[in-house]
Every structure is written in structure tokens, then in C-alpha cells.
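> Quick one: this structure, given as C-alpha cells, is what I'll be asking you about.
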Amino acid sequence: MNGDLQKLQPYPFEKLKALKAGVTPPALEHIALSIGEPKHATPKLITEAVLSHLHHLSAYPTTKGTENLRQAICDWLTRRFELPAGSLDPEHNALPVNGTREALFAFAQAVVDRSRPDPLVLMPNPFYQIYEGAALLAGAEPHFLACRAETGFLPDFDAVDAATWDRCQLLYLCSPGNPTGAVIPMAELQRLIGLAEQHDFVIAADECYSEIYFDEDNPPVGLLQAAAAMGNTDYRRCVVFHSLSKRSNAPGLRSGFVAGDAAVLADFLRYRTYHGCAMPLQHQVASIAAWHDETHVAHNRALYREKFDAVLDILDGLLPLQRPDAGFYLWPQTPIPDDAFARGLFEQQHVTVLPGSYLSRTVDGDNPGAGRIRMALVAPLDECVDAAGRIRAYIESF
């Protein structure tokens, strides 16, 4: 077996299951705020497109996807991020993927050059654990960049020295961040693009939460947007990852895309052709419909705004927390250790949250997720309100 498999750590939800083992919660309906799985209804335009195109089951899809889907992706990116018209070529700058999770993992396998000494893959800390696993199985060493309150929950790029940048082959970004909701500003993205050029690495920007934000006049900036604004209209060294899971409440569709640097995507397509990960044709048709429509996305944001308003009002003054820049997570500090808080909350109120330390790695004795919990406000409004009330009662019982 591949020895690097032994380097993989348990997934956060495995740790959470062990944490709750042996606990008998009260006879209240369970409310899960632990998993970032959207619970809003999937729009009919998606489900109807899938059902009406099941005849495509008789045909093999291609890895590259249909031209219509790639055009829809490029059109959406151009509209959403105000990119120069024609700067994205659907033939070379976009690929459909079966959810960004598989693409984020596969990307490192294609990008990391094992022949170069001591390759590093840089990533935020806390982070989506796929980044770490992808680095390890690509033969690289993960290098963690702490995201703390004092840096606005953004990775501490200033703490990275020139030697580390020289070893970096791939930089994973997550903006808006999971779990913090922090958005990397355009100027910082442009500085990172300059560093990528100077030190010869590729940037993989996970932007899956970009369409859940609170100010309709100020959507989160994207990596391709930052590149275009500095004149990098061939998006050299820049690749973005987007998904319909959060934007369109369609996690079961397993539909997303990668877009950006044509040279990088050409080699990634070669890898994916062997990988065997073509998107089913009926899912491609449904994805085209989703990327063309913004009405359901705006409605989705309105539902999240309502939940954040209600939960923040209930918990005001009890937990140090704030509305994130974007995304659907709250990332509050806890008055006791985060794992003890999560276990006690489950035991007393039958509400599940995720300890922040489970989403982070300890570096030099410090775990930047310790003392925090991740609360995913994905349940319906009434459940989120009920959960917030139970959390309030739990804290008041201390």
C-alpha cells in the first residue's frame, strides 16, 4: 500500500463521533450545526433538468464536458467577477468537475513536481482537510498558515519567509474562509499572484462560499478578478474552484468547475482523463441551467441573512462572536475548551457543533482553532433559532 496513506489524520467528523461516544443526550430533537451541508431546497430548475435528461444515461460523457457547459461557466465568471470580455476561452480556461472536493484533491496530484527537492504545499490553518491530504498523497509537505483574530482570520502571509516561498509549489486559498468566513482583499490576492510569479508556484483558490454574503452591493472578490485588475488576463498561475453545492443548494449534484491558467488546466485535463471523473451529461445540463440563473442564489442569501440575524440576536453578549464577511459559519470563542464545550452541549441540549481544534493543526505548540467552535447555520430558520436558544441555556448553566 502507499505508505503516505498512513500520514492521513482522522477526519474531523471521526473525531467528533468519538467525542460524543457514550453520551446520552436529553429527549430533545437533535439539531446538527456541525456539517456544512446546505438544507435549503434545491431549485426546481436543477431537479427538472436532471429528470428531463435521463436519456443521456445511454452515453459516455467526456472528461472535458460539453462546450455549452464550459461556455456557461466562463459567462458566469465574467459576469460575477467583472472580467474582461473574451478573456476566458471555454476551450482552454474551464473544466467541469464532480464537486470541488475531488478537484481540490486531484489538483495537487497533478501540480506537485516530486523531482524538485522538499516540495511544500501552503494552506490556511484552520482548513478544509482535503488540502492536507492532497499534499501528503502528492508527496509534498503541508505548511500551515495560522488564521487568527489579530490577522482578521486571514492566513498570516507575512510570517512566510523567502526560503519557504521558494519551496512552495502550490498555495491553497479559501476565500471566503471555512470556517472563519474571512474574505481575502484584492490587494492581498494581487500580492500573492506576484509572489507566485517570483517564486514559481501555482495558486488554487477555493471560492465555494463566494455566493453566500450579506451585502448585495459588495460581493467577495475572486482570484481571477484580482488577476485581471493587475493586467494578468491570461490568469497565469491562478486557478479557481467553484461549486453548485452551496450556491445552489445542490450538494448531491456533485457539480463544480475549475477555471484559470490554460497551461495548468491542459495538464490537469490530461491527469483527469486518466483519473476517470467525467460529469454525467444530465448533471451538465442541470449545471448550465444553474449557472445561468441568479434569482435562486439571491433568495438563498436572503434565507441565510435571516438566520444570522436571528441567531446573533439570541447569542448577543454570551459568546464572543461576529457576523462573518461571508459563508454560512459562525466561529465563536468558547468559555471552556472547545471539545468540552461541544461534548457538554450535546449531552445537555442535543445540539452538535464542531470543535475548532478538530479543523486545525498544532504548530509549535499552538492550535489556532482551539477555544472556538464551528456552527453551520444550514438548518431551517426555526431549527437555528431553537439551537441558539439551547446554546444560550447551556452557557447560562455554567
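> Residues being part of a loop (DSSP other than H, G, I, E, B) and closer than 27 Å to residue 76 by Cα: count how many of those fall in the range 91-126.
Selection size over the range 91-126: 5.
> Quick one: how many residues across the range 303-345 are among the small types (Gly, Ala, Ser) and either in contact (Cβ under 8 Å) with a residue 60 or more places away in the chain or within 26 Å of residue 211 (Cα to Cα) (or both)?
The number of residues fulfilling the criteria is 4.
Results for (1) over 24 Å from residue 17 (Cα atoms); (2) in the same structural domain as residue 73 (by TED's automatic domain parsing); (3) in contact with an Asp or Glu (Cβ under 9 Å, 6 or more places away or on another chain); (4) at pLDDT 95 or above, shown as yes or no for each residue.
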site	(1), (2), (3), (4)
301	yes, no, yes, yes
317	yes, no, no, no
338	no, no, no, yes
377	no, no, no, yes
388	no, no, yes, yes
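> Sticking with this structure for a sec: For the range 271-289, name all the residues that are part of a helix (DSSP H, G or I) and under 23 Å from the mean Cα position of the chain (by Cα).
Listed by number, the residues that qualify are 271, 272, 275, 283, 284, 286, 287, 288, 289.
> Could you check residue 85 against (1) small (Gly, Ala, Ser); (2) assigned by TED's automatic domain parsing to the domain that holds residue 269; (3) surrounded by 12 or more Cβ atoms within 10 Å (Cβ to Cβ) and say which number it fails?
(3)
> Restricting to the range 351-398, and then to whatever is assigned to a helix (DSSP H, G or I) and of a type in the set (Phe, Trp, Tyr), can you tell me which residue is surrounded by the most Cβ atoms within 10 Å (Cβ to Cβ)?
358
> Being outside any strand (DSSP E or B), aromatic (Phe, Trp, Tyr) and outside the structural domain of residue 379 (by TED's automatic domain parsing) is true for just one of 268, 241, 257. Which residue is that?
It is 268.
> Anything in the range 314-356 that is over 21 Å from the mean Cα position of the chain (by Cα) and on the phi > 0 side of the Ramachandran plot? List them, or say none.
Answer for the range 314-356, where residues must be over 21 Å from the mean Cα position of the chain (by Cα) and on the phi > 0 side of the Ramachandran plot: 317, 350.
> Looking for something surrounded by fewer than 12 Cβ atoms within 10 Å (Cβ to Cβ), assigned by TED's automatic domain parsing to the domain that holds residue 376 and part of a loop (DSSP other than H, G, I, E, B) - is there at least one such residue anywhere in the range 6-20?
Checked against the condition, which is being surrounded by fewer than 12 Cβ atoms within 10 Å (Cβ to Cβ), assigned by TED's automatic domain parsing to the domain that holds residue 376 and part of a loop (DSSP other than H, G, I, E, B), the range 6-20 yields no hits at all.
> Would you check which residues across the range 149-183 are in contact (Cβ under 8 Å) with a residue 60 or more places away in the chain and either in contact with a Cys (Cβ under 7 Å, 6 or more places away or on another chain) or in a loop (DSSP other than H, G, I, E, B) (or both) and list them?
Listed by number, the residues that qualify are 153, 176, 177, 178, 179, 180, 181, 182, 183.
> Name every residue in the range 290-331 that is of a type outside the set (Phe, Trp, Tyr), touching a Gly at 6+ places or on another chain (Cβ under 9 Å), buried (at least 16 other Cβ atoms within 10 Å of the Cβ) and assigned to a loop (DSSP other than H, G, I, E, B), in order of residue number.
Once the filter is applied, which keeps residues that are of a type outside the set (Phe, Trp, Tyr), touching a Gly at 6+ places or on another chain (Cβ under 9 Å), buried (at least 16 other Cβ atoms within 10 Å of the Cβ) and assigned to a loop (DSSP other than H, G, I, E, B), the range 290-331 yields 324, 325, 327.
> Determine, yes or no, whether residue 342 is small (Gly, Ala, Ser) and more than 29 Å from residue 27 (Cβ to Cβ).
no
The values are calculated or read from the model by the stated rules, or taken from the named source; none is laboratory data. Given the structure is predicted, the values throughout are model-derived calculations rather than measurements. We place every Cβ from the backbone using ideal geometry, glycine too, and count neighbours over all the protein chains shown.
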